[in-house]
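Asks: Below is the structure I would like to discuss, written out as C-alpha cells.
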Amino acid sequence: MTLQRRLRGLTGEDVAAAWYQAHGYEVVARNWRCRRGELDLIVRNGATFVFCEVKSRRTDAFGSPAEAITHEKRQRVRHLAAAWIQDSKVRPATIRFDVAAILGDELQILEGAF
C-alpha cells in the first residue's frame with residue numbers, strides 16, 4: 001500500500017470518527033487488531049455499539065467506496081466484532097454495522113449497512 005493511500009485511509013477514519021462524535025457517539029476504539037484482522041472504528045451511543053468499516057476513495061473510477069464492502073468483508077467484520085466483544089467483556093444491548101464511505105471530500109454514513 002502506498003503512503004498516499006494509507007494517509008487517505010487514516011484521514012477517512014479521522015473524518016468518520018469526528019462525524020460520530022459530533023452526533024453524540026463515544027469513540028471506543030480505532031484500528032482494533034487481532035490475529036484475524038482489524039476493525040476500523042468502534043463507537044458507542046448509550047447501549048448501542050457500532051462497528052464501522054471506513055472506505056475512502058479519491059474517485060469513483062473503480063466504483064463507490066461502499067461497493068468495496070464485499071460479502072467476504074462483511075463476514076470478516078462480523079467475526080472481528082464478535083472477537084472484540086469477547087475480548088473486551090462488553091455485553092452490548094444492541095450492535096450495528098455501519099459503513100463510512102468517503103469519496104473525495106464527501107462523507108456518507110450508511111447506518112445498519114449490513
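Asks: Would you pick out the residues in region 54-76 that are closer than 19 Å to residue 87 by Cα and either of a type in the set (A, V, I, L, M) or touching a residue at least 40 places away in the same chain (Cβ under 8 Å) (or both)?
Replies: 76
Asks: Cβ-Cβ below 6 Å, separation at least six or inter-chain, first residue in region 89-114 and in contact (Cβ under 8 Å) with a residue 60 or more places away in the chain, second among the small types (Gly, Ala, Ser) and in a strand (DSSP E or B): which pairs?
Replies: 102/56; 109/100
Asks: Also: Which of (1) on the phi > 0 side of the Ramachandran plot; (2) over 14 Å from the mean Cα position of the chain (by Cα) does residue 31 not meet, given it meets every other one?
Replies: Tallying (1) on the phi > 0 side of the Ramachandran plot; (2) over 14 Å from the mean Cα position of the chain (by Cα), residue 31 fails exactly one: (2).
Asks: Follow-up question, since we're still on this one. Given (1) exposed (fewer than 12 other Cβ atoms within 10 Å of the Cβ); (2) in contact (Cβ under 8 Å) with a residue 24 or more places away in the chain; (3) among the polar types (S, T, N, Q), identify the lone condition not met by residue 2.
Replies: Status for residue 2: all satisfied but (2).
Asks: Another question, then. Give the residue that is modelled with the lowest pLDDT, with candidates limited to residues of region 12-28 that are among the small types (Gly, Ala, Ser) and surrounded by 16 or more Cβ atoms within 10 Å (Cβ to Cβ).
Replies: Taking the candidates together, the pick is 12.
Asks: Of everything in region 48-102 that's of a type in the set (Gly, Ala, Ser) and in a strand (DSSP E or B), which residue is farthest from the chain's Cα centre (by Cα)?
Replies: 61
Asks: Search region 52-100 for residues being at pLDDT 95 or above and aromatic (Phe, Trp, Tyr), and hand back the single one that is farthest from residue 11 (Cα to Cα).
Replies: Filtering region 52-100 for residues that are at pLDDT 95 or above and aromatic (Phe, Trp, Tyr), the one farthest from residue 11 (Cα to Cα) comes out as 84.
Asks: Something else now. For residues that are touching a strand residue (DSSP E or B) at 6+ places or on another chain (Cβ under 6 Å) and hydroxyl-bearing (Ser, Thr, Tyr), tally how many sit in region 59-114.
Replies: Total satisfying the criteria: 1.
The values are calculated or read from the model by the stated rules, or taken from the named source; none is laboratory data. Please read these numbers as outputs of a predicted model, since none were measured by experiment. Neighbour counts are summed over all protein chains in view; Cβ atoms, including those assigned to glycine, are modelled from backbone coordinates with ideal geometry.
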